[in-house]
Amino acid sequence: MLLRFKRVFVLGLLTTSVLVASVDGQETEKKTFFLPKSPVAAAYVLGRLSNKELAEAPRSEFVFVAMLQRKGLERRYRVEAVEGLAKIHSTDPLTELLGGIVELDKKGEASESVLRDLSTILLQSKPEGLSVKRDLLLKLANESQLGTTRQIACAAVVTADGSGERRWKEVDSNPSQLADLLLSLSFIRDPNIRGALHPKVEPLIHKADPAEVRRAAISALPAIPGHDAESFAALAAFVKSGTERETAIAGLQKIPRKSWPVEQAESLIESLVPYLQGVPVEKRTEVDAVNAFQFANDLTALLPPEKAGAVSKTLRALGVSVFVIRTIPERMLYDKNLIVVEAGKPVSLILINDDAMPHNLVVTAPGAVAEIGPITETMPPDPDSSGRLYIPASPKVLHGTKLVEPGQQARLSFIAPKEPGDYQYVCTFPGHWRLMVGKLAVVEDVEAYLATHAAATQPKITEWKTDDLVPQLSKLDSGRNLQQGRENFTRLACASCHKLGAEGASYGPELTDVFSRYQNNPAEVLRQIIEPSLIVSNRYRGFDFELQNGDELSGMVVKEDGDVLTVQTGPAASLVQTLKKSAVTTQKPQKSSLMPVGLLNTLSAEEILDLLAFVKSGGNAAAHQHAH
């Protein structure tokens with residue numbers, strides 16, 4: 001009986017064999033295919049391998065080239081590929097990376113997703129390293145056939161310069177190159193560089209000619225930090241006038257929701273509805289129409305309930321079941337916690353990751369998150385047959401995306417279940433499942449459901465300050481619902497990082513005696529939650545590591561033993577790894593706490609008091625409740 005199949009590759013030779021071994025080690029099956037010496041022919045043969053097979057293949061030049069160009073491969077394999085090619089060619093990884101980008105550009109639009117993957121590696125390079133390659137980067141920025149390649153190269157030039165001023169002078173008289181510079185802003189990692197360009201970008205949105213520059217400026221404006229309110233007002237004017245409407249809507253959706261002014265919502269919807277009514281039915285699933293439908297739906301959350309209901313009904317009569325779900329930066333939340341769809345009808349969910357860490361979206365059977373979530377905490381980072389990470393092999397997992405990197409997006413299209421019920425969608429990256437979860441309500445009648453359910457389509461966010469809640473702390477010791485406090489402790493994923501009583505994990509500080517450590521001062525305990533970076537002990541300090549292979553990671557040092565560091569990058573056991581000190585180029589302490597800010601922003605004041613009371617009980621809710 002065969003218990004396990006294992007493929008063994010011998011590459012770089014004329015032939016490659018695949019062996020399948022039984023438990024006694026004897027070969028039971030042998031398949032052979034030829035790996036030609038011609039690069040083109042070898043690429044064809046390697047192209048027939050799955051991602052998993054390619055990742056497991058013994059390394060050779062042909063394999064490294066395939067790893068650099070293959071869609072859906074993890075970033076670590078790209079880094080390994082450029083290092084391997086640099087060793088073979090006696091060059092350096094940055095040279096090989098740029099060479100790979102040149103080859104991908106020649107392959108056309110089908111390579112854009114891989115180019116975006118490589119852009120992350122390129123733009124994490126040190127500015128001084130990029131400066132050495134400035135001439136080559138300029139050639140890519142000026143001559144590449146794909147806009148994506150030109151914009152990535154342009155972002156690298158600006159990163160090398162440490163400012164956009166020099167590049168702006170170089171392209172100011174060339175509209176096409178200026179448009180590429182504007183569109184490159186979203187790739188630039190340094191917010192200070194982007195912020196300094198606002199005085200140059202904002203005036204361009206008002207210039208009618210050339211149109212490509214104005215559209216690029218409209219797209220670039222939301223990428224510039226510190227101007228959300230004025231950027232929203234400027235782009236909203238385009239939507240209302242019907243000028244550059246599609247570009248403006250796409251830009252508006254990139255502005256954080258907290259900056260959307262309530263007073264603009266109704267007038268924007270009044271301009272959007274006639275536009276959507278004029279879109280032919282067969283074109284309502286195209287990108288521009290889907291964005292407009294979603295933007296109008298999102299704006300309804302700013303309306304009074306009676307107006308919101310009427311607008312939602314009108315939009316549902318016009319639209320299709322396509323939903324855009326965004327991640328809320330630094331909040332570990334989706335921007336929607338309820339999606340309602342009709343049973344047995346087609347659905348598309350578009351996940352846009354605006355956060356700084358990877359996320360996915362997995363649809364599960366009703367109530368299955370509580371079962372599936374804990375499994376992900378111990379899963380190794382091995383892809384499944386579809387190349388997806390941290391998705392358990394369970395019949396209760398119905399659909400799921402791959403991990404979506406920061407700034408990327410993924411679409412999940414499926415037929416809604418025929419059986420009505422409260423299904424769920426969740427991020428299964430370890431440690432995220434308790435917070436990043438929403439309800440996918442599958443119903444027979446969407447209108448009837450929405451008429452009887454008051455749940456909002458996005459979480460209510462309150463930017464709590466300690467001083468806002470201090471006057472209510474006098475109610476902490478009476479009339480509290482400790483069971484609700486326990487549920488909030490679980491829902492906010494506190495137990496994933498902190499031990500409280502007999503429950504929880506020891507990733508973060510112990511909370512059982514936290515009140516006594518702060519002299520039973522509830523205001524100070526509350527302050528530590530709302531301002532987690534106020535005091536960070538060395539034991540729980542996060543570090544940013546740069547490795548010799550180009551990788552970067554962040555985490556706590558949980559053990560230091562000789563020439564080895566043990567680093568934990570998250571609360572799950574699967575996120576512990578060892579590093580040789582010799583492989584670490586830099587190790588920088590983080591200024592802020594690993595605990596996210598805004599953790600309480602989805603709770604009401606009463607729910608926060610219940611949570612504090614539960615923490616004060618030391619996790620012994622029953623005894624504390626009895627004593628009161």
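The values are calculated or read from the model by the stated rules, or taken from the named source; none is laboratory data. The structure presented is a predicted model; accordingly, all values stated were derived computationally and were not measured. No Cβ is skipped: glycine too gets one built from the backbone with ideal geometry, and neighbour counts run over all protein chains shown.
At-a-glance table
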item: Conditions (1) modelled with pLDDT of 85 or more; (2) closer than 27 Å to L94 by Cβ: number failed by S554; result: (1)
item: Segments classed as strands (runs of 3 or more DSSP E), wholly inside region 305-387, with at least 3 members that are more than 21 Å from the chain's Cα centre (by Cα); result: 338-342
item: Residue that is nearest to K559 (Cα to Cα) [pool: residues in region 525-543 that are in contact with a helix residue (DSSP H, G or I) (Cβ under 9 Å, 6 or more places away or on another chain) and part of a loop (DSSP other than H, G, I, E, B)]; result: I535
item: Residue that is surrounded by the most Cβ atoms within 10 Å (Cβ to Cβ), among those in region 516-533 that are of a type outside the set (G, A, S) and either in the same structural domain as L579 (by TED's automatic domain parsing) or touching a Leu at 6+ places or on another chain (Cβ under 9 Å) (or both); result: L526
item: Qualifying positions in region 277-295 - touching a residue at least 40 places away in the same chain (Cβ under 8 Å) and buried (at least 17 other Cβ atoms within 10 Å of the Cβ); result: V290, N291, A292, Q294, F295
item: Unique residue being in a loop (DSSP other than H, G, I, E, B) and at pLDDT 50 or above when the list is R4, R59, R76; result: R59
item: Pairs with Cβ under 9 Å, 6+ apart, first in region 596-622 and under 18 Å from E463 (Cβ atoms), second among the acidic types (D, E) and at pLDDT below 80; result: P596/E330; V597/E330; G598/E330; G598/E463; N601/E463
item: Test: residue in region 544-554 that is in contact with a Leu (Cβ under 9 Å, 6 or more places away or on another chain), among the polar types (S, T, N, Q) and not in a helix (DSSP H, G or I); result: yes
item: Of all residues making up region 257-279, the number that are assigned to a loop (DSSP other than H, G, I, E, B) and either within 23 Å of I328 (Cα to Cα) or of a type in the set (D, E, K, R) (or both); result: 2
item: Enumeration of residues in region 464-500 that are surrounded by 16 or more Cβ atoms within 10 Å (Cβ to Cβ), in a loop (DSSP other than H, G, I, E, B) and at pLDDT below 85; result: W464, L492, A493, H498
item: Selection count, region 40-73, where residues are under 17 Å from L104 (Cα atoms), under 28 Å from the mean Cα position of the chain (by Cα) and charged (D, E, K, R); result: 2
item: Check on D563, farther than 23 Å from V597 by Cα, surrounded by fewer than 18 Cβ atoms within 10 Å (Cβ to Cβ) and touching a Ser or Thr at 6+ places or on another chain (Cβ under 8 Å); result: yes
item: Residue among E103, E96, E128, E109 that alone is modelled with pLDDT under 90, over 25 Å from S385 (Cα atoms) and assigned by TED's automatic domain parsing to the domain that holds L146; result: E109
item: Scan of region 196-210 for residues that are in a helix (DSSP H, G or I) and either surrounded by 14 or more Cβ atoms within 10 Å (Cβ to Cβ) or of a type in the set (D, E) (or both), ordered by number; result: A196, H198, K200, V201, E202, L204, I205
item: Among residues of region 177-193, those that are surrounded by fewer than 22 Cβ atoms within 10 Å (Cβ to Cβ) and under 25 Å from the mean Cα position of the chain (by Cα), counted; result: 7
item: Tally, over region 264-286, of residues that are hydrophobic (A, V, I, L, M, F, W, C) and modelled with pLDDT under 90; result: 2
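Residues are listed down the side, and each one gets a yes or a no for (1) in a helix (DSSP H, G or I); (2) modelled with pLDDT under 95; (3) more than 23 Å from the chain's Cα centre (by Cα):
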position	(1), (2), (3)
A217	yes, no, yes
L221	yes, no, no
A237	yes, no, yes
I255	no, yes, no
D288	yes, yes, no
A292	yes, yes, no
